[in-house]
Amino acid sequence: MIPIAVQGASRERKRQRPKGRQVDAAALQQVQALLGGLPRRRDLLIEFLHLIQDAHGCLSAAHLAALASELRLAQVEVFEVASFYHHFDIVREGEQVPPALTVRVCDGLSCELAGAGELLARLPALLGREVRVVPAPCIGRCDQAPVALIGQRALAPASCAGVSAAIADDACAGNAAKAALAEDAVDAGVASRGNMAGSGVDGGAFAVLGECLSGARSVEAVIGALEDSGLRGLGGAGFPAGRKWRIVRNEPGPRLMAVNIDEGEPGTFKDRFYLERNPRQFIEGMLIAAWAVGIDEIYIYLRDEYHDCRKLLQQELARLDAGMPRIHLRRGAGAYICGEESAMIESIEGKRGMPRLRPPYVAQAGLFGRPTLEHNFETLYWVPEILAKGAAWFASHGRNGRKGLRSFSVSGRVKQPGVKLAPAGITVHELIDEYCGGMQEGHQLYAYLPGGASGGILPASMGNIPLDFDTLQPYGCFIGSAAIIVLSQHDSARAAAGNMMRFFRHESCGQCTPCRVGTAKAAELIEAPVWDASLLGELSQVMRDASICGLGQAAPNPVDCVLKYFPQEVTR
């Protein structure tokens, strides 16, 4: 019998290295070269994952282990984050490296109506094994459907011939990874450091901000103007902007700010539209908010699909004068759930994008536990114009008893889809006739989605309801981010609900059972020839009552609306 002390010594001699996957020296050297002199902080984990994937086309197990070593994290912490986001390709030992180029074809409702299914069916054989073709959730160009992402370049509208021609262009295909690596420096959006007091602004370009900084406008006057204008959060929740500023301003500093440009709701593309055309108006509104609330640092969260917008923002932020708050531009990685404010904050912190339980609210304990002013892009976009023209100007617009302006993202069966700036309270009939050139030839209005994927579906007979916050709830719908998808007599509300439910099943973060299991079960149930209305109703109620965030709570809306307003479609 071997003495216990000898046994222990034997085990120690055998264990010459720690348990688990060992760090490969070559992989570590590659990761260190990519990270260079960047700080090894946990909140930069997703940025570092992007750097590795852009350079190598995927995330190998060796690179993940090396990154964990550099950040002094457990390997499981790195792996769980990398595996959460759709745009990261993890290659385990023994697995084949994916093709150098990936073509993502949007299979959202607007693109499905425009023929995305045919693209997905034909492209794999046409492009061959050297190109990977995968379906993707909404890419944010619904007005140009169908849409494809070739590497990081959007092609809209997309066709088989167009995709083939774009891939033949070496600048688009072969050099995509190199270009991305060169353009996307981590924290490239840092504009300046320090206090804004007494600082100048870019050559007088930001006139309203200059008035704020000079003392010509007081904080109270600015917040009061927002309150008088009736400006509400335009990302979907509709919380009054001025009231939010007061709440966060009254919290103890340091205070942070998070800007949401992760518009992943199918049918929504207004933020991209305005960002591409006038980024400075948004930046000015953001800086005015930071000045009024007393913000120390700003984090902008931009969806990964908006590659050109990222380059544009980097250029504009670099032009800001010294003295502004430090601004961080963070890159999403393909997760619709990160449009939810607390999930976005988790992602900015380098974690999986899972919504937080409330309370505490983001205004009290948001980014890194600090009071955080969270805003949608478009809300901030309107701030300078409202202050320059006056609260009464913004409030003077509206129809049917409503006040303000709304940016409607209109797609589907209309002649002229796009972002339509129209009075709040306009009806869908008025919107189509006055702003969209009417319906397409041979199409008549049959149904419409007033608020994107989660806003429900209404029949044409209910096309005179004012489109605004609080007007659609009595009908089981809501306006959300004002994404209007128009269906005609050639379409099916049932099929539209199926498309939406498949989207929610794909995008559920999986944190809570009612959403994770409920979306999958609902998607399965509505494939039956005859819908079980009673079972679907029970499932809907559980999802609404018990889901942690708005995704699970609103996911049943399309199905509930089909049962209520399109009973003729629930049987085939």
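The values are calculated or read from the model by the stated rules, or taken from the named source; none is laboratory data. Values in this document were obtained by computation on a predicted structure and should not be read as measured data. All Cβ positions, glycine included, derive from the backbone under ideal geometry; neighbour counts span all protein chains shown. To get the accessible areas, we keep the full protein, side chains included, count just its heavy atoms, and leave off ligands, DNA and RNA. Shrake-Rupley method; radii C 1.70, N 1.55, O 1.52, S 1.80 Å.
Data for the structure
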| item | result |
| --- | --- |
| Segment 98-118, subset closer than 19 Å to residue 451 by Cβ and open to solvent by 20 Å² or more (accessible area, probe 1.4 Å), residue farthest from the chain's Cα centre (by Cα) | 113 |
| 3 or more residues at pLDDT 95 or above and more than 13 Å from residue 377 (Cα to Cα): qualifying helices (runs of 4 or more DSSP H) within segment 261-343 | 279-293, 307-318 |
| Helices (runs of 4 or more DSSP H) wholly inside segment 460-572 that include at least 1 residues being open to solvent by less than 40 Å² (accessible area, probe 1.4 Å) and of a type in the set (Val, Ile, Thr) | 513-525, 557-565 |
| Any hit, segment 362-383, residues being free of Cβ contacts under 8 Å to residues at least 12 places away in the same chain and more than 17 Å from residue 264 (Cα to Cα) | yes |
| Criterion (touching a Cys at 6+ places or on another chain (Cβ under 8 Å), of a type in the set (Gly, Ala, Ser) and farther than 16 Å from residue 561 by Cβ) met by exactly one of 409, 396 | 409 |
| Residue 384 being out of contact with any strand residue (DSSP E or B) (no Cβ under 8 Å at 6 or more places or on another chain) and part of a loop (DSSP other than H, G, I, E, B) | no |
| Tally of residues being out of contact with any helix residue (DSSP H, G or I) (no Cβ under 7 Å at 6 or more places or on another chain) and either open to solvent by 20 Å² or more (accessible area, probe 1.4 Å) or not β-branched (Val, Ile, Thr) (or both) across segment 128-149 | 11 |
| Residue within segment 350-370 that is closer than 21 Å to residue 309 by Cα, of a type outside the set (Phe, Trp, Tyr) and in contact with a helix residue (DSSP H, G or I) (Cβ under 7 Å, 6 or more places away or on another chain) present | no |
| Residue check, residue 406 open to solvent by 10 Å² or more (accessible area, probe 1.4 Å), part of a strand (DSSP E or B), modelled with pLDDT of 95 or more and more than 21 Å from residue 496 (Cα to Cα) | yes |
